[in-house]
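Quick notes on the structure that follows.
The values are calculated or read from the model by the stated rules, or taken from the named source; none is laboratory data. Bear in mind the structure is a predicted one, so any value in this text is a computation, not a measurement. All Cβ positions, glycine included, derive from the backbone under ideal geometry; neighbour counts span all protein chains shown.
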Amino acid sequence: MYDYIRGTLAELTPTQVVLDNNGIGYRLQISLQTYSQLQGQSEAKVFVHHIVKEDDEQLFGFADRDERDIFILLISVSGVGPNTARMMLSSLTSEELRQAILAEDLNRIKSVKGIGLKTAQRLIIELKGKLIKGGNTPASLPIFSPNPARSEAAAALQMLGFAKAPIDKALDKILKEKPDCALEEMIKLALKLL
């Protein structure tokens, strides 16, 4: 799976970017949020989400991990496809969208073209718990962690075979006692608790 592509901006439009990396041009679908962040740059690092269907493959590009993580959460909701999620991220910033879901602001969410009442309600119901600090936040989403090293530590511990729930519990305990804990120390302390 792709994490990001770094390369020269060969083409940039409000809906897509072509990144030239070692002579290969990668066409990525983007939101207006990413477009505005890439404007004026000659080189960029674009985070990628790869979607494979029976008859199609698509690469979606994001200027930062935060936007990509919100995109992944949005497409996990029934009835929200990648193009709808991209439209939402073009209409609202990642933070505005997060705040609208947490505040249960149906009107703000419905203001996005193509989002009706039922979809807005479904987004709130399915995502609110995943966005609440200390709630059921997936460890793979660094945007919701107060410490950026937390998500890296959680991913490393999952790769070592530990389950997500005990990892989250251990990391929360460590960060409660040491909020500025470094990555290596966090992993060592978590291994002692697991």
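Among the residues making up segment 67-90, those that are buried (at least 19 other Cβ atoms within 10 Å of the Cβ) and touching a helix residue (DSSP H, G or I) at 6+ places or on another chain (Cβ under 8 Å) are GLU67, ASP69, ILE70, PHE71, LEU73, LEU74, VAL80, ALA85, ARG86, MET88, LEU89, SER90. If only residues of segment 1-48 that are under 17 Å from ASP64 (Cβ atoms) and charged (D, E, K, R) are counted, the one that is nearest to the chain's Cα centre (by Cα) is ASP3.
Filtered by the rule that a residue be over 25 Å from LEU131 (Cα atoms), out of contact with any helix residue (DSSP H, G or I) (no Cβ under 6 Å at 6 or more places or on another chain) and in a strand (DSSP E or B), segment 30-48 gives GLU43, LYS45. Only residues that are assigned to a helix (DSSP H, G or I) and in contact with a Leu (Cβ under 7 Å, 6 or more places away or on another chain) were counted across segment 158-172, and they come to 3. Checked against (1) more than 20 Å from ILE70 (Cα to Cα); (2) modelled with pLDDT of 80 or more, ALA154 passes all but a single condition, namely (1). Those helices (runs of 4 or more DSSP H) of segment 49-118 in which 3 or more residues are within 14 Å of the chain's Cα centre (by Cα) occupy 65-75, 82-91, 94-102. Here is a check on your reading of the model: is LEU32 crowded, with 17+ Cβ neighbours inside 10 Å and on the phi < 0 side of the Ramachandran plot? No; evaluated as a whole, the condition is false for this residue.
Here's the yes/no breakdown for (1) in the same structural domain as THR8 (by TED's automatic domain parsing); (2) at pLDDT 90 or above:
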site	(1), (2)
TYR35	yes, yes
GLN41	yes, yes
PHE47	yes, yes
ILE70	no, yes
GLY79	no, no
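Just checking, does segment 52-62 include any residue being within 24 Å of ALA120 (Cα to Cα) and without any contact (Cβ under 8 Å) to a residue 24 or more places away in the chain? The answer is no; no qualifying residue exists. Exactly one residue out of LEU59, LEU102, LEU123 is within 18 Å of ARG27 (Cα to Cα) and not basic (Lys, Arg), and it is LEU59.
Restricting the first member to segment 166-183 and to residues that are closer than 9 Å to ALA149 by Cβ, and the second to residues that are surrounded by fewer than 19 Cβ atoms within 10 Å (Cβ to Cβ), the beta-carbon pairs closer than 6 Å and six or more apart or on different chains are LEU183/GLU152.
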